[in-house]
């Protein structure tokens with residue numbers, strides 16, 4: 001059950017997680033880019049937005065390619081690389097990182113990855129410095145060695161972790177500079193609630209509570225003669241005192257050319273918020289009874305409201321949400337899917353939201369736009385999704 005619980009949390013928190021901003025958003029609305037969607041993915045009709053023709057964003061619902069564990073919205077011409085994978089315990093000297101399925105999936109606009117969105121895998125690391133039970137044996141496992149399938153690595157702060165991760169995934173980056181680091185304490189609170197039961201059990205045994213360190217960085221750098229801006233974000237969960245281990249949870253990376261970041265912001269927002277778990281994959285992986293499945297669904301519903309909780313908390317405390325520090329926490333609405341009657345939470349950034357029975361989506365501010373009468377969209381049936389009445 002642990003495998004599915006962790007993967008489920010990874011998926012559902014996607015709809016809620018704020019990330020570090022690419023920069024000022026004063027021109028974000030005017031910078032949206034237009035896409036088209038079709039089942040056969042023909043050449044896309046792309047028109048730059050103008051003052052008289054508000055931009056329209058259209059996406060296909062696509063599947064994680066390896067195990068169809070989840071689906072998400074993405075531009076139809078983007079390529080996918082990677083997906084779910086499993087660690088062989090025989091190769092790592094233990095089973096800790098083999099218990100849960102992992103995900104390393106990249107969405108790329110082009111072969112070079114000039115614009116990309118990446119879900120990076122969760123890894124558990126061993127750090128015996130806070131657990132007295134390992135006071136004598138810790139010297140036998142220096143940094144870089146393996147313990148129970150985990151690499152021994154002293155736990156860094158989230159800022160240091162993300163900077164080291166950036167260097168790992170971009171070894172050819174030149175002239176890199178850290179534009180900013182943004183603490184995200186609300187992310188820690190999300191995981192604190194997720195781990196509440198386990199944390200309380202360990203505290204009842206006399207161990208200190210788990211620690212949670214959420215944050216993100218914005219890096220500007222040159223790669224392949226092009227200047228980029230990239231955000232990386234994660235939450236580190238500290239179980240060193242009780243389990244001599246720590247992990248990175250739900251790690252994201254998003255990049256675009258430095259002069260196009262505002263253009264791609266709405267695309268990143270929609271991808272991030274659109275993930276849906278595949279119930280069939282969930283059932284196969286969990287082999288859980290109905291009660292456990294219901295508990296997981298309840299967790300999903302809670303997480304899907306976290307955007308609002310973060311925004312409300314900062315408004316209550318008069319905390320500043322600077323455009324330079326966050327991708328704006330978009331206003332959210334609940335919409336009624338006209339095909340299945342289900343309530344869906346999504347961005348309220350656009351006036352009109354169209355969907356198909358297959359889950360494709362078009363977002364637009366144009367009152368005169370109807371995909372049912374507009375090529376190349378009119379090869380299927382589209383319906384508007386009304387805001388849920390309260």
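Please identify the pairs in which a residue from the stretch 112-128 that is in contact (Cβ under 8 Å) with a residue 12 or more places away in the chain and on the phi > 0 side of the Ramachandran plot has its Cβ atom under 9 Å from the Cβ atom of a residue that is crowded, with 21+ Cβ neighbours inside 10 Å and assigned to a strand (DSSP E or B), counting only partners at least 6 apart or on another chain.
Once the first residue is in contact (Cβ under 8 Å) with a residue 12 or more places away in the chain and on the phi > 0 side of the Ramachandran plot and sits in the stretch 112-128, its partners that are crowded, with 21+ Cβ neighbours inside 10 Å and assigned to a strand (DSSP E or B) give 113/255.
With a cut-off of at least 1 residues that are in contact with a strand residue (DSSP E or B) (Cβ under 9 Å, 6 or more places away or on another chain) and either modelled with pLDDT under 95 or farther than 19 Å from residue 231 by Cα (or both), name the strands (runs of 3 or more DSSP E) lying wholly within the stretch 5-120.
In the stretch 5-120, 56-63, 70-74, 79-85, 102-108 are the strands (runs of 3 or more DSSP E) which contain 1 or more residues that are in contact with a strand residue (DSSP E or B) (Cβ under 9 Å, 6 or more places away or on another chain) and either modelled with pLDDT under 95 or farther than 19 Å from residue 231 by Cα (or both).
Of the residues that sit in the stretch 124-147 and are part of a loop (DSSP other than H, G, I, E, B) and surrounded by fewer than 17 Cβ atoms within 10 Å (Cβ to Cβ), which one is farthest from the chain's Cα centre (by Cα)?
Here the answer is 136.
Determine whether residue 246 is touching a strand residue (DSSP E or B) at 6+ places or on another chain (Cβ under 8 Å), on the phi < 0 side of the Ramachandran plot and not in a strand (DSSP E or B).
no
Find the residue count for the stretch 257-274, including only residues that are modelled with pLDDT of 85 or more and within 26 Å of residue 123 (Cβ to Cβ).
Within the stretch 257-274, residues that are modelled with pLDDT of 85 or more and within 26 Å of residue 123 (Cβ to Cβ) number 4.
Identify, by number, the condition in (1) over 30 Å from residue 91 (Cβ atoms); (2) touching a strand residue (DSSP E or B) at 6+ places or on another chain (Cβ under 8 Å) that residue 166 doesn't meet.
Single failed check for residue 166: (1).
Is there any pair linking a residue in the stretch 361-372 that is more than 10 Å from residue 57 (Cα to Cα) to one that is surrounded by fewer than 16 Cβ atoms within 10 Å (Cβ to Cβ), with Cβ under 6 Å and at least six apart or on different chains, and which?
Correct list of pairs: 372/378.
Please give the helices (runs of 4 or more DSSP H) falling wholly within the stretch 156-237 in which 1 or more residues are within 17 Å of the chain's Cα centre (by Cα). Even if it seems obvious, please write down each step before you answer.
Values: elements: 158-169, 185-194, 196-204.
Once the helices (runs of 4 or more DSSP H) in the stretch 156-237 are filtered for at least 1 residues that are within 17 Å of the chain's Cα centre (by Cα), what remains is 158-169, 185-194.
Which numbered condition in (1) surrounded by fewer than 17 Cβ atoms within 10 Å (Cβ to Cβ); (2) within 30 Å of residue 128 (Cα to Cα); (3) touching a residue at least 12 places away in the same chain (Cβ under 8 Å) is the only one that residue 224 fails?
(2)
Does residue 389 satisfy the criteria of being touching a strand residue (DSSP E or B) at 6+ places or on another chain (Cβ under 8 Å) and either farther than 19 Å from residue 60 by Cβ or not in a loop (DSSP other than H, G, I, E, B) (or both)?
No.
The values are calculated or read from the model by the stated rules, or taken from the named source; none is laboratory data. In this text, all values refer to a predicted model and were calculated from it rather than measured experimentally. Virtual Cβ from ideal backbone geometry, glycine too; neighbours counted across all protein chains shown.
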